[in-house]
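Here's the structure, in C-alpha cells; my notes come after.
We did not get these values from a lab; they are worked out from the coordinates using the rules stated. All values derive from a computational prediction rather than experimental measurement. Cβ atoms come from the backbone with ideal geometry, glycine included; neighbour counts cover every protein chain shown.
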Amino acid sequence: MDEDLFRLLVQGVLDYGIFMLDPAGHISSWNAGAERIKGYSADEIIGQHFSVFYPPEDVAAGKPGRELEIAVAEGRLEDEGWRVRKDGTRFWANVVITALFDEHGKLRGFGKVTRDMTERRGAERVLRERRRLVGHLVDAQEVERRRIAWDVHDESIQSMVAVGMRLQLLAGRVPEEHRDAVNALDDAVGTAVTRLRGLVSRLRPPELDQQGLVEAVAGYLEEVAARWGLTAELHHGLTVEPSPEAAITLYRICQEALSNVHKHARAARVDVRLSTVDKGLLLRVTDDGVGTTAGAIDPGPGHFGLIEMRERAEAAHGWWSLSSTLGAGTTVECWLPALPDEDR
Ligand SMILES: Nc1ncnc2c1ncn2[C@@H]1O[C@H](COP(=O)(O)OP(=O)(O)OP(=O)(O)O)[C@@H](O)[C@H]1O
Ligand SMILES: [Mg+2]
C-alpha cells in the first residue's frame, strides 16, 4: 500500500521530471512532471534512448553516455545545461542521475530527476544585467561629480580668490568713502568661495582620496552632527582599507542614512560603526529616533534614498538592510566585499 502511494506521488509530481532508465539508457518509466517539462507522453517516450533529450552537439560529443559512465563510477552525477523538448525548443535543466544497483552490486538502471531552471536562469540574468547597469550608472555619476568638483575648484574658486585679492588691494587704494563698499564686495566674494568649497566637498569629499574612508566619514559626521544638533559617535575597527569604489559606495550610503536621520528620525543620537566582517566591510548607522515602517513598504514616488542605498550596495556585490521599530529607532546596515568582484 505504502509503495503504491509512493508510486502515485512520484507519478503525480509536476515540478520535477522523475523517470528511470534501463542500464543501457532506455527510458523505462515516466511521470507527469517529465511530461510537463519535456512534452512527451509516457506512451511516446518509454523505450526510447534518453539521448533524445540532449542537443545534437552534446550527442555528437558523447555526453549522454559519459554521464551514465560517471553515474556508475561515482554513484551519482549532477549537471546543468541545455536540454531539448519534444517540440525542439531548448530549456535550461538541472539534472541528477543516480545509478541503481541491486543487492548483488549489479547495475539495474538509473533514476533521473530533471528540473526546468529556465525561468530562474532568466530571472538571474535579468538581475545580473540590472546590477551591472546600476553599477555603470553609479560609476558614471561619481566620475561626473568628481569632474565638476575639480572644475569648480580649479577654475571658479581660483579666479574668485584672485578677485578677492584684487579687491583687498583696491580697498587700500580707493578714497575713504568707497572703502566700505569695496570691503563689502570682498566679503561677498569670500562667502561665495566658502559656499563653493562646501559644494566641492559634497560633490567629492577630498578626505576620501587623501585620508581614506574613516577620516572622511569622521569629518562628515562631526560636521553634520554639529549642524543638526545630534550627539554622534563613530566606532571603527577596519582592518583593511577599502578599495576606492567600496569607499565611495559606503560613504554615499552613510551620507544618505545620516540625511534620513536628520530629515525623518527626530533622533537625539546617532552611532556609526565601520567594521571588518566576513572578508568585507560592514557599515551600521543606528539612531534613537521615531522609527519607520518604510523599509517594509514602498516609500512612494519621489523618495529614492532607500532604493538608491540598496542598489548601490547590490551593484557592489554586497547587501543593504533597514530595520526599525516604531518609537525605538532605526538601523541601516550595509556590507560590501573587501575585494572588488571581477565582473564589476
Ligand atoms: N532613520 C529614519 N528614521 C525614521 N524614518 C525613516 C528613516 N529613514 C527613512 N525613513 C522613512 O523612510 C522613508 C523613505 O526614505 P527615503 O530616503 O527613501 O526617502 P526620503 O528621504 O523621503 O527622500 P529622498 O531620500 O529621496 O530625498 C522616509 O520618507 C521616512 O519616512
Ligand atoms: Mg532619504
Which order do peptides 135-145, 270-280 fall in by mean Cβ count within 10 Å, highest first? 270-280, 135-145
Identify all lysines with a Cα-Cα distance to residue 279 below 22 Å; exclude those on the same chain that are fewer than 8 residues away in sequence. none
Run through the DSSP bridge list for the chain and note the antiparallel percent, rounded to the nearest 5. 85
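On average over all directions, what projected area in square nanometres does the chain have, based on the convex hull of its Cα atoms?
On the way: hull surface 115.3 nm².
Mean shadow area of the hull around the Cα atoms is 28.8 nm².
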Would you calculate the separation in nanometres between label points at residue 211 and residue 60, each defined as 7 Å from the Cα along the Cα-to-beta-carbon direction? 6.5
Here the net charge surrounding residue 334, from other residues whose Cβ is less than 9 Å away from its Cβ (Lys, Arg +1; Asp, Glu -1), is +2
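Does segment 1-127 classify as rounded, prolate or oblate by the C-alpha gyration tensor (a ≥ b ≥ c root eigenvalues; a/c under 1.5 gives rounded; else a/b over b/c gives prolate, otherwise oblate)?
oblate
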Using the 10 angstrom Cβ neighbour count as an exposure proxy, how do 118, 325, 249 rank, fewest first? 325, 118, 249
